Amino acid sequence: AADAARDAELLPAIVDVDVSVPHNTLLANTVLVSYAALLVTVLVIYTRRLAAREALRLAALGSARDALAERAEAIEGELGAVRARLAEVEPESELQAEEIDSLQRERSDLQARLLGLERREAELRSGSARAQKLEEERRALEDLLEEATRDLTTKESELTELRSQSRRASRSKARDEESIARRLRTLYKNLEVDERALSNLADLGDESSRLRAEEALKRLCDEPDTAMVRRKVGGLPPHLSIFELGFADKGRIYYTSGKTRRFRVLAIGAKNSQKTDLEYLSRLPKGT
């Protein structure tokens, strides 16, 4: 026991320290301000990271919107090309005209949705930067983009079908022209018929109009002196000597002297196509 007491005296002294800082002193206020500054710094860093992340999301949505707008413009151009092609193949086809009008209306709806997306994005950029608001608006934009994408896919499918119909109509017209060419070569030995005239004859569509046109061709081939009243076409370059032969009510057959046969049929038209027909005839080369 004596040894233990002596050893305890030799050990270092043990000190208990109790520090108490009075309120509203300089030291207490310094500690409080330090913790508050640290908290504000953390909140600022977190807020900036959150705003940067939402800005990236907005930029991605803007890029998707621009891509969708470009695709809509491309489809508009394709629609115009298909409509022009259909106007040449079957200008009187009411069914295809209705399909084109339907596609035009859907394109307008898509453009309206895109404008709505732009307005909503502008509202987001000028509004509050709170995370919850941005998240809600981002979801709304994604829903609108998804809906617009579905509409675009549907329109592309309809455009593909319209192209298929146009190709089928073109093949049908080509077969029709080939059949007409064989018949004319067989029946009318004194006539040369240009490709333009064959195409015009196929475009008449109405079988009655075709028969009236072929009746006039037969008279021109077999009995040119007794054919319906004909006259020389005026307003053409001096080197062209082209005549006009009427059929039906307003039909016109444009012909001239042939190279291997008696007459050469250049074009077949009507009153409403007279301007286009005369422009075509005026561009014919010398020696026609």
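The values are calculated or read from the model by the stated rules, or taken from the named source; none is laboratory data. Keep in mind it's a predicted model, so treat the numbers as computed, not measured. Neighbour counts are summed over all protein chains in view; Cβ atoms, including those assigned to glycine, are modelled from backbone coordinates with ideal geometry. When the accessible area is computed, the model is the full protein with side chains, heavy atoms only, and any ligands, DNA or RNA have been set aside. Shrake-Rupley method; radii C 1.70, N 1.55, O 1.52, S 1.80 Å.
Being part of a helix (DSSP H, G or I), among the β-branched types (Val, Ile, Thr) and either modelled with pLDDT under 80 or buried (at least 16 other Cβ atoms within 10 Å of the Cβ) (or both): is that true of Thr160 here? Give the steps one after another, and end with the answer.
Numbers: part of a helix (DSSP H, G or I): yes; among the β-branched types (Val, Ile, Thr): yes; either modelled with pLDDT under 80 or buried (at least 16 other Cβ atoms within 10 Å of the Cβ) (or both): yes.
Yes.
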- Task: Using the structure shown, decide if Lys218 is in a helix (DSSP H, G or I) and over 23 Å from Pro285 (Cα atoms).
- Result: yes
- Please verify whether region 194-213 includes one or more residues that are in a strand (DSSP E or B) and modelled with pLDDT of 85 or more. no
- Cβ-Cβ under 9 Å pairs, at least 6 apart or on other chains, region 137-156 side free of Cβ contacts under 8 Å to residues at least 60 places away in the same chain and hydroxyl-bearing (Ser, Thr, Tyr), far side open to solvent by 30 Å² or more (accessible area, probe 1.4 Å) and in a helix (DSSP H, G or I): Thr154/Glu106
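If you check Thr30, Thr25, Thr41, which single one turns out to be more than 24 Å from Glu156 (Cβ to Cβ), hydroxyl-bearing (Ser, Thr, Tyr) and at pLDDT below 80? Lay out the reasoning, then the answer.
Numbers: Thr30 fails: at pLDDT below 80; Thr41 fails: at pLDDT below 80.
Residue meeting the stated conditions: Thr25.
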- Message: Taking the criterion of being modelled with pLDDT under 80 and not in a helix (DSSP H, G or I), would at least one residue in region 66-82 satisfy it?
- Response: no
- Residue in region 166-189 that is at pLDDT 85 or above, open to solvent by less than 50 Å² (accessible area, probe 1.4 Å) and not in a helix (DSSP H, G or I) present: yes
- Inside region 242-288, can you point out the residues that are part of a loop (DSSP other than H, G, I, E, B) and open to solvent by 50 Å² or more (accessible area, probe 1.4 Å)? Asp249, Lys250, Lys259, Thr260, Arg261, Arg262, Arg283, Pro285, Lys286, Gly287
- Task: Among the numbered conditions (1) of a type outside the set (Phe, Trp, Tyr); (2) in contact (Cβ under 8 Å) with a residue 40 or more places away in the chain; (3) touching a Cys at 6+ places or on another chain (Cβ under 9 Å), tell me where Leu187 comes up short.
- Result: (2)
- List every residue pair whose Cβ atoms lie under 9 Å apart, where the two residues are 6 or more positions apart in sequence or sit on different chains, the first residue falls within region 271-285 and is over 17 Å from Phe243 (Cβ atoms), and the second residue, located anywhere, is part of a helix (DSSP H, G or I) and open to solvent by less than 80 Å² (accessible area, probe 1.4 Å). Ser273/Asn200
